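Reviewing the structure listed below.
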There are 2 protein chains.
Amino acid sequence: MRTIEVCLTSDLIHQHELQGKTVVVVDIFRATSCIVTGLANGVEAICPIEEVEEVKELGKKGYLMAGEQGGIKVPEFDMGNSPFEYQSENIKGKKVAISTTNGSRAIIKSEGAHEIIVGAFLNRKSVAEYLLHLKGDVLINCAGWKGIPNLEDTLFAGALIDECAEEMKTVGDSVLMAHQLYVSNHENLYGIANKSSHAERLKSFGMERDLEFCMTENEYQIVPRLVDGELIIQ
Amino acid sequence: MRTIEVCLTSDLIHQHELQGKTVVVVDIFRATSCIVTGLANGVEAICPIEEVEEVKELGKKGYLMAGEQGGIKVPEFDMGNSPFEYQSENIKGKKVAISTTNGSRAIIKSEGAHEIIVGAFLNRKSVAEYLLHLKGDVLINCAGWKGIPNLEDTLFAGALIDECAEEMKTVGDSVLMAHQLYVSNHENLYGIANKSSHAERLKSFGMERDLEFCMTENEYQIVPRLVDGELIIQ
């Protein structure tokens, strides 16, 4: 039976074997929610970048520059890290280079896996269906917040496990803990996510609307996949 | 208001500020359960050691040599890592040097804190009372398993938080997640801990009795504290 496991923060990714696995990268508030929204709304490709300076280099080559540092948009960039910016007509057919505090780094740290896809509540069902039709093992890589596990990414990991557990053998306690967190809160996901440190941080910046949108389930039916360093729709 | 936070595995301890804090080190299966049992049963002091070779050096100086590697007793040592070995009459008044896969390292990694104490279900109430009478901030350092968060240490962190949350401000999502795990399972702590990876591992070595004992609450009314590199009773 194939396996499913969870890494609660990408700072612990070295503890997991990546080779041969499908890695689902998760950064609910807000990088993977933005990536899913952008690709579902016509962005051609999204290139995850570790450092802000590298985004500027791609900007010179025609990429839209996107990203934040500590939750705040980088001033000279075209876009920050709000999913609503990724619904704009202006970005259709364009390529975006994105650097965020946690999410884009988590994607880069997943290199070495058989394949890397991107998950969020916005495309939860599509990701679950994709995983259920695979043959290989699955690792959910939660970005966390600056190396520390966070509630909303763990909650999403639990939601995915809930859909996959009958078909896959769960490996490790992080899977059990994430699943328990989801099961205990599945009737009010927004309520619990709204108590997270990151939610408090974003609310202090006046970004309640972003929180609510990022917790919307199955808004989009796509699975972004990393191909040659760029996320595209499967 | 003073604060309480949780580090879900000592591999993430660098993410937390130690200075000025009381750190509670937790390794339920089985190092901190052994330490509490030993000191409650008359051991004079327990010296946490990182490497097995260093234990042998202390053995030459008259310390009892204790510890395991990967759950198995080191062959030439006097004791392994079972709490029942720490109840023996033969160890009364002796000093013990201990090296374990996770627990003794978590104690050593907590150096730099204002003080380091040791918690387990066996002395849960005493630790909670000690923390409630403090004035400073608290960090619960869960040892985890080889750098990965584990269920039983997180569960104990949640139990402590449950006793302290009214008097302390919780900081970070790991606190919320640990507390939720405890609240969802407080009526059957042994049942959930028994599903953990570490419990499965110990059962495969025939150590069910150890598991059950380690999950016993408030068997001992002591708080081990690190003084000059050795754990003693407060």
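Pull up region A:1-10, narrow it to residues that are in a strand (DSSP E or B) and within 12 Å of another protein chain (Cβ to nearest Cβ), then point me to the one that is farthest from A:Val138 (Cα to Cα). Please lay out each step first, then the result.
Of region A:1-10, the ones in a strand (DSSP E or B) are A:3-7.
Those left that are additionally within 12 Å of another protein chain (Cβ to nearest Cβ): A:5-7.
Working: A:Glu5: 6, A:Val6: 9, A:Cys7: 11 Å.
In this case the residue turns out to be A:Cys7.
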Residue within region A:100-121 that is in contact with a Cys (Cβ under 8 Å, 6 or more places away or on another chain) and without any contact (Cβ under 8 Å) to a residue 60 or more places away in the chain present = no
Which pairs have Cβ atoms under 7 Å, sit 6 or more apart or on different chains, and link a residue in region B:45-61 that is touching a residue at least 12 places away in the same chain (Cβ under 8 Å) to one that is of a type in the set (Lys, Arg)?
-> B:Ala45/B:Lys95; B:Cys47/B:Lys95; B:Glu50/B:Arg105
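Open to solvent by 50 Å² or more (accessible area, probe 1.4 Å), away from chain B (no Cβ under 14 Å), at pLDDT 95 or above and assigned to a helix (DSSP H, G or I), is that true of A:Glu217? Write out each step before concluding.
Details: open to solvent by 50 Å² or more (accessible area, probe 1.4 Å): yes; away from chain B (no Cβ under 14 Å): yes; at pLDDT 95 or above: yes; assigned to a helix (DSSP H, G or I): no.
Judged against the criteria, A:Glu217 is not a match.
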Within region A:48-77, track down each residue that is open to solvent by 20 Å² or more (accessible area, probe 1.4 Å), closer than 9 Å to A:Ser99 by Cβ and part of a loop (DSSP other than H, G, I, E, B).
-> A:Glu50, A:Glu51
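Listed residues A:Ile13, A:Ile35; which is assigned to a helix (DSSP H, G or I), in contact (Cβ under 8 Å) with a residue 60 or more places away in the chain and surrounded by fewer than 23 Cβ atoms within 10 Å (Cβ to Cβ)? I'd like the intermediate steps shown before the answer.
On the way: A:Ile35 fails: surrounded by fewer than 23 Cβ atoms within 10 Å (Cβ to Cβ).
That would be A:Ile13, the only listed residue that is assigned to a helix (DSSP H, G or I), in contact (Cβ under 8 Å) with a residue 60 or more places away in the chain and surrounded by fewer than 23 Cβ atoms within 10 Å (Cβ to Cβ).
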Applying the selection to region A:11-51, what residues are closer than 21 Å to A:Leu155 by Cβ, out of contact with any Phe, Trp or Tyr (no Cβ under 6 Å at 6 or more places or on another chain) and away from chain B (no Cβ under 14 Å)?
-> A:Thr22, A:Val23, A:Val24, A:Val25, A:Arg30, A:Ala31, A:Thr32, A:Ser33, A:Ile35
Top-ranked residue of region A:147-198 - restricted to ones that are away from every other protein chain (no Cβ under 11 Å) and of a type in the set (S, T, N, Q), ranked as most open to solvent (accessible area, probe 1.4 Å) | A:Asn188
Could you please find all residues in region A:114-137 being open to solvent by less than 20 Å² (accessible area, probe 1.4 Å) and assigned to a loop (DSSP other than H, G, I, E, B)?
-> A:Ala120
So B:Asp173, is it free of Cβ contacts under 8 Å to residues at least 40 places away in the same chain and in contact with a Ser or Thr (Cβ under 6 Å, 6 or more places away or on another chain) | yes
Restrict the check to region A:202-211 and report whether at least one residue is part of a helix (DSSP H, G or I), out of contact with any His (no Cβ under 6 Å at 6 or more places or on another chain), within 14 Å of another protein chain (Cβ to nearest Cβ) and at pLDDT below 95.
-> yes
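Determine whether B:Val74 is touching a residue at least 60 places away in the same chain (Cβ under 8 Å) and closer than 20 Å to B:Lys146 by Cα. Show your work before the answer.
Values: touching a residue at least 60 places away in the same chain (Cβ under 8 Å): no; closer than 20 Å to B:Lys146 by Cα: yes.
So B:Val74 does not fit the description; no.
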Go through region B:38-47 and count every residue that is surrounded by 16 or more Cβ atoms within 10 Å (Cβ to Cβ) and in contact with a Gly (Cβ under 7 Å, 6 or more places away or on another chain).
-> 2
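The values are calculated or read from the model by the stated rules, or taken from the named source; none is laboratory data. Computed from a predicted structure; not experimentally measured. In this analysis, Cβ positions are derived from the backbone assuming ideal geometry, glycine residues included, and neighbour counts consider all displayed protein chains. All accessible areas refer to the heavy atoms of the entire protein, side chains included, with ligands and DNA or RNA removed. Shrake-Rupley method; radii C 1.70, N 1.55, O 1.52, S 1.80 Å.
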